[in-house]
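Scroll down for the structure; my scribbles are underneath it.
The values are calculated or read from the model by the stated rules, or taken from the named source; none is laboratory data. For clarity, every value in this text was computed on a predicted model and none was experimentally measured. Reconstructed Cβ throughout: ideal geometry from the backbone, glycine too, with neighbour counts over all protein chains shown. Side chains included, ligands, DNA and RNA excluded: accessible areas come from the protein's heavy atoms. Shrake-Rupley method; radii C 1.70, N 1.55, O 1.52, S 1.80 Å.
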Amino acid sequence: GIQVEQSPPDLILQEGANSTLRCNFSDSVNNLQWFHQNPWGQLINLFYIPSGTKQNGRLSATTVATERYSLLYISSSQTTDSGVYFCAVRGGGSNYKLTFGKGTLLTVNP
Amino acid sequence: NAGVTQTPKFQVLKTGQSMTLQCAQDMNHNSMYWYRQDPGMGLRLIYYSASEGTTDKGEVPNGYNVSRLNKREFSLRLESAAPSQTSVYFCASPPAAPRYYGQYFGPGTRLTVT
């Protein structure tokens, strides 16, 4: 099946810093999503981005499907950005199954 | 509009006991999913239901059964719980067009099997 690797596994920032999280995948995809899991365990959808670039406030994401990677940018980080960021993809042969990466644990210190 | 709800939020079982995790969505979505999340891992798909009346295995189905009771409800059953099933369980339901709304998750059920 499709493999998803996220880097870095852990990231510690000071409030106000910028960061880039990366997601590499092993095969072509027709669905790629970024999620944030807050410290209370709630999973929140951030972006649906199988290709191209999207922005939502201080967050933006870019997927280069031909090179099989996606980047999540967080600018001017805040303590509320802390948590785990997951990338999940669906390969072309699967209608329903999303494969998740292991996530990046982000800690933003005040 | 509650989105995706799950019950219970927490549960402790002894090895060999059985239980059913309940999930319901009020968004009129066709698809529903059950995932488990273990420490340091992403979510792994246990079972999914593409539409009412259909269910299919995901990556880690062993030890679980599911029922798509109607369009709203999708339950996950552990017939004989094992310590390896200690995990956090999430139910999810994507709309037909995820490009607009992504995937909605329930709040999770934290299960401990002793």
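Some points to look at:
- Residues satisfying the stated conditions in region A:93-110, i.e. farther than 18 Å from B:Gln103 by Cα and open to solvent by 10 Å² or more (accessible area, probe 1.4 Å): A:Gly93, A:Leu105, A:Thr107, A:Asn109, A:Pro110
- Scan of region B:1-23 for residues that are open to solvent by less than 40 Å² (accessible area, probe 1.4 Å) and in a strand (DSSP E or B), ordered by number: B:Val4, B:Gln6, B:Leu13, B:Met19, B:Leu21, B:Cys23
- So B:Thr54, is it at negative phi, part of a loop (DSSP other than H, G, I, E, B) and in contact with a Pro (Cβ under 7 Å, 6 or more places away or on another chain): no
- When the strands (runs of 3 or more DSSP E) confined to region A:8-81 are screened for residues that are polar (S, T, N, Q) and surrounded by 13 or more Cβ atoms within 10 Å (Cβ to Cβ), those reaching at least 1 such residues are found at A:19-25, A:29-37, A:43-48, A:52-56, A:59-64, A:69-74.
- B:Leu45 meets each of the listed conditions (1) facing chain A (nearest Cβ under 10 Å); (2) in a strand (DSSP E or B); (3) in contact (Cβ under 8 Å) with a residue 24 or more places away in the chain apart from (3).
- The residue that is least open to solvent (accessible area, probe 1.4 Å), among those in region B:90-114 that are hydroxyl-bearing (Ser, Thr, Tyr) and modelled with pLDDT of 95 or more, is B:Thr109.
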